[in-house]
1. For Rg/Rh (Cα atoms, Kirkwood Rh), which listed value, (i) 1.03; (ii) 0.96; (iii) 1.37, comes from the coordinates shown?
2. FRET efficiency for Gln408 and Asp128, Cβ-Cβ distance as r, R0 = 35 Å, nearest 0.05?
3. Note down the relative contact order for the range 161-209 as a percent, whole number, built from C-alpha pairs under 8 angstrom at least six residues apart.
4. Which residues does a label at Asn60 reach in the range 340-365, if reach means a backbone N under 19 Å from a point 7 Å past the Cα toward the Cβ?
5. Compute the helix-to-body angle for 55-70: its Cα long axis versus the longest principal axis of the chain, expressed 0 to 90° and rounded to tens.
6. Of Lys260/Lys424; Lys114/Lys200; Lys29/Lys264; Lys83/Lys167; Lys29/Lys415, which pairs sit farther than 31 Å apart, going by alpha carbon to alpha carbon?
7. Counting pairs of alpha carbon atoms under 8 Å apart in space and at least six apart in sequence, what relative contact order in percent does the range 321-452 give?
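What follows draws every value from the coordinates through simple rules; no lab data is involved. Note that this is a predicted model, so its numbers are computed, not measured. No Cβ is skipped: glycine too gets one built from the backbone with ideal geometry, and neighbour counts run over all protein chains shown.
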Amino acid sequence: MSKLKYESPIIKQINAGITSKFGEMSTLKPTTHIANIPVKSLIEEYGSPLFVINEQTIRNTYQDAYHAFSTRYPNVQFAWSYKTNYIDAVCKVFHTEGAWAEVVSGFEYNKAIKNGVPGDKIIFNGPDKSDEDLTMAVQNNSPIHIDHFDELYSLIAIAEKLNKRAKVAIRVNMDTDIKPLWDRFGFNYENGQAWEAIKKIISSKNLDLIGLHTHIGTFILEPNAYYIAATKLADLAINVKNKFKHDIQYIDMGGGFASKNTLKGSYLSGTDLAPSFSDYAENITQALLNAGFSSEDLPLLILETGRALIDDAGSLLGTVLANKRLADGRRSMVMDFGVNILFTSFWYNHIISPAQECSLYTEETVMYGPLCMNIDVIRESINLPPLNKGDHVVVHRVGAYNMTQWMQFITLRPKVVMIDTNGKAHIIRESESNEYVSKLDITPEYLQEIDL
């Protein structure tokens with residue numbers, strides 16, 4: 001008897017009208033206002049699609065995070081992660097709250113300078129710092145976080161040429177039981193590479209080792225990983241003190257805190273899975289307080305949190321372009337925004353709400369963007385009520401990375417507005433125009449004229 005061919009099981013979702021799988025009526029609630037301004041008024045005035053930032057939410061979230069750490073540890077400093085959202089108005093809200101700047105390129109460094117951040121409060125991270133970038137950072141007394149030995153050697157030469165003592169830290173990667181291990185950045189703790197870098201810096205007359213830095217990964221859902229990381233950095237700092245009689249001024253724990261978005265493939269929602277700021281703070285501060293520092297030698301604790309501070313403050317408003325039925329009978333909608341401006345739709349199952357009163361009846365829907373690409377899928381499956389052409393929706397928690405990783409592809413990038421703490425909307429980034437997009441194009445003389 002021949003062996004039967006294996007067929008994988010198929011689970012098919014059954015839509016039971018207005019009841020959910022728990023037998024309860026759908027409680028889908030429209031989002032008709034953002035910070036007391038009607039969604040439809042915002043779209044009417046500024047167009048669709050439209051990114052909206054709520055300033056009050058930024059400030060509330062930042063203050064919650066700062067409170068969680070400052071009540072557990074005596075010396076805390078946040079540094080706003082520019083790569084997460086580097087629109088100037090957003091950065092300046094964080095700076096007015098007291099956050100320094102954390103940058104990973106010369107481009108971001110210059111934005112921080114333009115935004116009025118003093119050089120000694122700009123933390124310069126990243127593996128790609130040109131000699132020009134390093135020279136600028138040394139001259140401005142910025143803390144430079146060294147990523148690799150080649151950068152270390154370049155920095156020694158630059159500091160010697162400038163006859164200045166550069167303020168430096170090293171980035172350290174380590175095993176924290178989080179997989180995959182982020183070992184492409186910095187110097188490894190376990191194999192002794194980090195200690196070798198420290199010895200080279202201490203022996204250099206042109207470098208001043210002021211800090212230790214790590215960034216263990218992104219969207220970390222296990223706070224205990226930060227306890228392990230902080231313990232290992234503290235161990236390095238204490239060994240530096242004991243061996244070289246040199247004090248480490250700060251320990252920088254990087255970022256990676258999860259927001260409340262729901263990762264694709266997750267069974268539970270992000271609101272159920274994401275640790276609180278207190279969870280992260282408890283693990284990090286306990287590790288530092290238990291490490292063996294004397295009370296007067298406790299280093300400054302720096303946090304470079306980005307995503308968890310800004311995600312909730314951002315919304316994307318959009319409009320239904322069309323309704324369609326797919327070959328398998330599923331309902332689909334085409335929206336006026338796609339993965340080109342909502343890059344995080346590759347990572348998250350974003351919460352999406354109708355922006356007007358709607359039926360309680362919902363149906364499984366595939367939500368597409370307007371791009372001529374099959375991968376332009378905003379949500380592969382979402383239960384939504386019937387929406388007509390011209391109706392509006394709100395995509396929630398889009399403040400992180402969408403306005404830095406968006407692409408000018410097929411369509412023009414839209415306006416971004418911020419609603420201030422008094423409820424007034426301000427344009428903080430203009431929409432693109434054809435002239436803006438073509439500004440850098442150069443057509444050779446022989447192609448100026450065409451004859452069709």
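1. (i)
2. So, using R0 = 35 Å, E works out to roughly 0.95.
3. Rounded, it is 43 percent for the range 161-209.
4. 351-353, by backbone N distance to the label point.
5. The answer is roughly 40 degrees.
6. Over 31 Å Cα-Cα: Lys114/Lys200.
7. 22
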